[in-house]
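Remarks on the structure that follows.
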Amino acid sequence: MLLATATGLSASGGASAAQDGADLVLRHGTLYPVSTPGSLQGSIAVRGGRVVYVGDDAGVGPFVGPRSEVIELGGRAVTPGLIDAHSHLEGLGAFLEQVDLTGADSYDEVIRRVAAAAAKAPAGAWVRGRGWDQNRWPDKSFPTHGPLSAAVPGHPAWLERVDGHASLLNAAAMRAVRLTAADPDPPGGRILRDAGGAPTGVLVDSAESIYEDRVPPPTAADRERHLEAGGRAAASLGLTTVTDMGIGAESAAAYRALQARHQLPVRVAAFWSGSDTRLSDWLSGGPWRSDDAFLSIRGVKLYADGALGSRGAALVEAYSDDPGNLGLVVTPSAELERVASAARRRGFQVAIHAIGDRGNLIAIDALEAAFEGVPHPELRWRIEHVQIVRRQDLERMGRLGIVASMQPTHATSDMPWVPARLGASRLDRAYPWRTALDAGVPLVLGSDFPVERPDPLLGLYAAVTRQDLDGKPAGGWLPGQRLTREEALRGFTRDAAWSLFLDDQVGTLEVGKRADLVVFAHDPMTVPAAEIPRARVDLTVVDGRVVYRREGAP
Ligand SMILES: [Zn+2]
């Protein structure tokens, strides 16, 4: 089988592949092209950032030249580069920079970790940490800032508790956010105080967000650092395209600066934040993609409702564990329709966050109205999460051509408490991947990182098992909704690329496509399902360049 063509070979004055060779050749592998089902034993050649050969090993010979880098796969699996269709790259970068305080068994240990991070940070820079839990400490009462402020005097430190419902600030941080003894407790929150009424440094619930709003926003340099760090982490997990769902102009500027300097480790498809008052300015700039396809900003992200855990997802019938509560409509359907129509006029794609069945109904109504009642699959408009949805509404999505952008690990994270929220009679609406496919809804997959871990192997595993990492429950939660591995791989590659208008560039291993691919230590498509999370990425290639190589990989 020979699938090679001369695509992309015109740059070197007519020299043939045989004379010059490819830049990169991977041979003797198990290739999953995804453009066609199944696998083949063979080789891939890359030149000028594009795939110039996919086929059997014998046929790649003419592409091996003196300057070709040749990687012997020894049968290892190669898939198209993985794509996270719903994620937050800048959020991941900021998250990775925070000091990890989980597992600290004493306040001293927390202070030690924060002081070590501060020692490496520029003078005066904020140090953020997360994950402390005083229930693990010998003294289980809330900490007070004194010892922390003494050990870390020169850097404002903001340390979030493991549950996110309290934060500890040092003296420098309290000064920076102008927190004083005179401040009253805000509604829905508390400022913990000592016997004399002075703040101890701990803020609870709404007090956290009030003072967090006074933390200076990240600088351009901070943002670029976060994007690069997040991108490198993504590449190490086999992700070659990620998303940033809901950015503002400051983030867009950081993305554009990195793209212009060719410093984005992976491709990024970003969506404007549709709730920002500056949206109409951004839309007037039109949709945009860089020539190298590393960066696109051609979508708008909106919100229909809240989240299920906090009972903010809008439901058609009340929460089973909170009678009378129908959840929260964040944006009414008419407003969603207004913004969606404006986006359509400017050529932008629309993506609406909807988690509850009423949230999804509101989103579908808005999109249908913006479609003026006519199906528009070519617009590739998306609903994000689609966690709880009725069959008849999925069928409407299928008829209208609306994409379901779902996150397999949300199902396995949420499954312990979803039955309490919904009751047994509504569970057929919960994370219904199979029902969506049966209704003809295009299904694309992601992680929503940093809400969930960014590793797409965890998503693949959750998609095919609907089990947690301990293999529970046996047989999987609502197992009728499981996906096959091929369906899950398509959701993380070809179909995700399509949903981001990148299918002309990436998403499959095909001659002429940009060379984004992953080599796995163990074949995630054939190992026992329980071992998918440990399939391990050996090599990640973006645009023909090796952006990650696991230490010790062959
Ligand atoms: Zn999200």
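Odds and ends about this structure:
- Test: residue in segment 366-386 that is part of a helix (DSSP H, G or I), under 18 Å from residue 318 (Cβ atoms) and more than 16 Å from the ligand (Cβ to nearest atom): no
- Members of segment 267-289 found to be out of contact with any Leu (no Cβ under 9 Å at 6 or more places or on another chain), free of Cβ contacts under 8 Å to residues at least 40 places away in the same chain and closer than 12 Å to residue 348 by Cα, listed by number: 282, 285
- Residue check for residue 145: touching a Gly at 6+ places or on another chain (Cβ under 6 Å) and either of a type in the set (Asp, Glu) or within 24 Å of residue 188 (Cβ to Cβ) (or both): yes
- Residues of segment 389-417 satisfying the condition of being within 16 Å of the ligand (Cβ to nearest atom), of a type in the set (A, V, I, L, M) and touching a strand residue (DSSP E or B) at 6+ places or on another chain (Cβ under 7 Å): 403, 404, 406
- Extreme residue, surrounded by the fewest Cβ atoms within 10 Å (Cβ to Cβ), among residues of segment 345-377 that are of a type in the set (A, V, I, L, M) and over 26 Å from the mean Cα position of the chain (by Cα): 374
- Options 521, 553; residue that is modelled with pLDDT of 95 or more and among the small types (Gly, Ala, Ser): 521
- Segment 251-266, residues that are more than 16 Å from the ligand (Cβ to nearest atom) and either in contact with a Leu (Cβ under 7 Å, 6 or more places away or on another chain) or part of a helix (DSSP H, G or I) (or both): 252, 253, 254, 255, 256, 257, 258, 259, 260, 264, 266
- Summed over segment 366-415, residues that are among the hydrophobic types (A, V, I, L, M, F, W, C) and farther than 18 Å from residue 245 by Cβ total 11.
- Condition check for residue 110: away from the ligand (no atom under 16 Å from the Cβ), of a type in the set (A, V, I, L, M), in contact (Cβ under 8 Å) with a residue 60 or more places away in the chain and surrounded by 16 or more Cβ atoms within 10 Å (Cβ to Cβ): no
- Candidates 462, 488, 496: the one that is in a helix (DSSP H, G or I), small (Gly, Ala, Ser) and either touching a Gly at 6+ places or on another chain (Cβ under 7 Å) or within 16 Å of the ligand (Cβ to nearest atom) (or both) is 496.
- Pair list, Cβ under 6 Å, 6 or more apart: segment 76-94 residue part of a loop (DSSP other than H, G, I, E, B), other residue more than 15 Å from the ligand (Cβ to nearest atom): 76/29; 76/519; 81/240; 81/516; 81/517; 81/518; 84/239
- For segment 415-434, the set of residues classified as outside any strand (DSSP E or B) and surrounded by 20 or more Cβ atoms within 10 Å (Cβ to Cβ) consists of 415, 418, 421, 422, 429, 431, 432, 433, listed by residue number.
- Screening the candidates 248, 230, 309 for the property of being surrounded by fewer than 17 Cβ atoms within 10 Å (Cβ to Cβ), within 16 Å of the ligand (Cβ to nearest atom) and at pLDDT 95 or above yields one hit, 248.
- The set of residues from segment 328-345 being under 24 Å from residue 87 (Cβ atoms) and more than 16 Å from the ligand (Cβ to nearest atom) comprises 328, 336, 339, 340, 343.
- Filter result for the condition that a residue is more than 16 Å from the ligand (Cβ to nearest atom), surrounded by fewer than 23 Cβ atoms within 10 Å (Cβ to Cβ) and within 20 Å of residue 245 (Cβ to Cβ), over 455, 468: 455
Okay, residues lined up against (1) outside any loop (DSSP other than H, G, I, E, B); (2) at pLDDT 95 or above:
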position	(1), (2)
7	no, no
22	no, yes
26	yes, yes
36	no, yes
42	yes, yes
45	yes, yes
54	yes, yes
59	yes, yes
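- Of the listed requirements (1) outside any helix (DSSP H, G or I); (2) more than 24 Å from residue 393 (Cα to Cα), residue 447 misses just one: (2).
The values are calculated or read from the model by the stated rules, or taken from the named source; none is laboratory data. Predicted model only: the values in this text are computed from it and were never measured. Reconstructed Cβ throughout: ideal geometry from the backbone, glycine too, with neighbour counts over all protein chains shown.
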